[in-house]
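In what follows, a single structure is set out as structure tokens and then discussed.
The values are calculated or read from the model by the stated rules, or taken from the named source; none is laboratory data. Here the structure is a predicted model, which is why all the values come from computation and not from measurement. Backbone-built Cβ (ideal geometry, glycine too); neighbour counts: all protein chains shown.
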Amino acid sequence: TKLRVGLLFGGRSGEHEVSISSARAIANALSAEQNSSKYEILPFYIQKDGFWQAGEVAQQVLASGAAIQNPAASPNLWQFPPAAQTVDVWFPILHGPNGEDGTIQGLLSLMQVPFVGSGVLGSATGMDKIGMKVAFAQAGLPQVKYKAVTRAQVWSNPCVFPKLCDEIESDLGYPCFVKPANLGSSVGIAKVRSRQELEAALDNAASYDRRIIIEAGVVAREVECAVLGNDQPQASVIGEITYKSDFYDYETKYTAGLADLFIPAVLPDAIAHQIQDMALQAFAAVDAAGLARVDFFYVESTGEVLINEINTLPGFTATSMYPQLWGYSGVPFPELVDRLIQLALERDTVTE
Ligand code: ATP
Ligand code: MG
Ligand code: MG
Ligand code: MG
């Protein structure tokens, strides 16, 4: 009998559409000849309002690639489709908050059904850039100078805010990057070069998240490494991203032709090995499992490698960096999806 794979996609975050594209690519890989005799796909689509759709509706979103918002949805968002009880293994491919951050992973843990990817701790630590950086620092991984602030500080009385900006200016200087701590796809991120831009960016970031991080800007090449495995994970070859825009912002990420991926990145062997090593250390530092894409800055002039972030549910479309890195490393897309499901079944989730 076939293993029933609950493909969970869509979701409440700003990366809803990316999730649909990732799910389509994964469904396609599960239907490939070597997988179709092993796995049966059960699609579950989470609407933007959080309502779960199974069966034909989910199948239709998967087939068309277009988001839907069923107005007749039950007001009880916690009513799971009955089909959810027949899933043997979950494959959540949700990006951003309420999907990549440990919330869904907590729910699936409570269901006591195995799932692909990191558990609650790894997902939450990987999503929150402040918690993530604390874990990286503890592991001895070099990173840019940064400062963590809260929405309450940004929206505080007018005596506190100028002092906060003074501190950021003297500690980090310009340009610096202002980011909501729990997002992806560069949503809410600004590169700022003046006091006026800093104030506006902090206010904007505070509208996305209670937690905000400000980082010193670095001039560097952007390289990424894919990790696959549980307790003995493997690192892929390194990929590089180039673009002409000011930084790798949302538009550059999702407009065809604005960014180029180079696999493998042209790097000295020692640097490539160092990046792979750091990727594995980062994976362990946040307690990731299954898969992750680790992003780095390579400062060519000094030979320095700084870790930027880890993404525990990276973009998974056919042209995304994660599957492409594995493709080049000798793991074709259908095999990658098969390996991830096997890793989910093998994973040691017992923490007692
Ligand atoms: P992802 O879609 O990879 O999850 P994200 O939303 O988590 O992205 P980051 O990777 O932190 O965001 O930053 C997005 C981009 O902003 C980087 O790829 C880089 O181009 C630029 N950037 C971020 N931080 C810095 C920095 N400290 N110095 C220079 N550039 C930076
Ligand atoms: Mg990210
Ligand atoms: Mg992300
Ligand atoms: Mg990134």
Study note, to complete from the structure: The residue from ALA206, ALA220, ALA256, ALA200 that alone is small (Gly, Ala, Ser), more than 19 Å from the chain's Cα centre (by Cα) and over 30 Å from ASN98 (Cβ atoms) is ALA220
Point to revise | Odd one out for SER245, checked against (1) surrounded by 15 or more Cβ atoms within 10 Å (Cβ to Cβ); (2) farther than 30 Å from SER31 by Cβ; (3) touching a helix residue (DSSP H, G or I) at 6+ places or on another chain (Cβ under 7 Å) | key: (1)
Check your understanding: Taking segment 244-259, which residues are among the charged types (D, E, K, R) and without any contact (Cβ under 8 Å) to a residue 60 or more places away in the chain?
Key -> LYS244, ASP246, GLU251
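Table: residues versus (1) under 27 Å from GLN281 (Cα atoms); (2) within 16 Å of ligand 3 (Cβ to nearest atom).
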position	(1), (2)
VAL160	no, no
LEU164	no, no
GLU167	no, no
LEU172	yes, no
ALA181	yes, yes
GLY188	no, yes
LYS191	no, no
GLU199	no, no
**Study point:** In segment 112-130, residue farthest from PRO81 (Cα to Cα) [restricted to those that are assigned to a helix (DSSP H, G or I) and touching a residue at least 24 places away in the same chain (Cβ under 8 Å)]
**Key:** ILE130
Check your understanding: Hey, among the residues in segment 248-270 that are charged (D, E, K, R) and loosely packed, with under 11 Cβ neighbours inside 10 Å, which one's nearest to ILE310 (Cα to Cα)?
Key -> ASP260
Practice item. Could you check segment 157-239 for strands (runs of 3 or more DSSP E) lying wholly inside it with 2 or more residues that are without any contact (Cβ under 8 Å) to a residue 24 or more places away in the chain? Key: 190-192
Review point. Is one or more of the residues making up segment 299-311 outside any strand (DSSP E or B), within 16 Å of ligand 2 (Cβ to nearest atom) and surrounded by 22 or more Cβ atoms within 10 Å (Cβ to Cβ)?
Key: no
**Study point:** Residue that is surrounded by the most Cβ atoms within 10 Å (Cβ to Cβ), among those in segment 312-352 that are of a type in the set (A, V, I, L, M, F, W, C) and within 16 Å of ligand 1 (Cβ to nearest atom)
**Key:** LEU313
Point to revise | Residue that is nearest to ligand 4 (Cβ to nearest atom) [pool: residues in segment 269-324 that are of a type in the set (Asp, Glu) and touching a helix residue (DSSP H, G or I) at 6+ places or on another chain (Cβ under 8 Å)] | key: GLU309
Review point. Does PRO334 satisfy the condition of being in a helix (DSSP H, G or I) and out of contact with any strand residue (DSSP E or B) (no Cβ under 9 Å at 6 or more places or on another chain)?
Key: yes
Exercise for review: Out of VAL223, VAL219, VAL237, report the one residue that is modelled with pLDDT of 95 or more and out of contact with any helix residue (DSSP H, G or I) (no Cβ under 9 Å at 6 or more places or on another chain).
Suggested key: VAL219
Practice item. Search segment 292-301 for residues being of a type outside the set (D, E, K, R) and within 14 Å of ligand 1 (Cβ to nearest atom), and hand back the single one that is farthest from GLN342 (Cα to Cα). Key: VAL299
Exercise for review: Give the number of residues within segment 169-189 that are more than 15 Å from ligand 4 (Cβ to nearest atom) and surrounded by fewer than 21 Cβ atoms within 10 Å (Cβ to Cβ).
Suggested key: 7
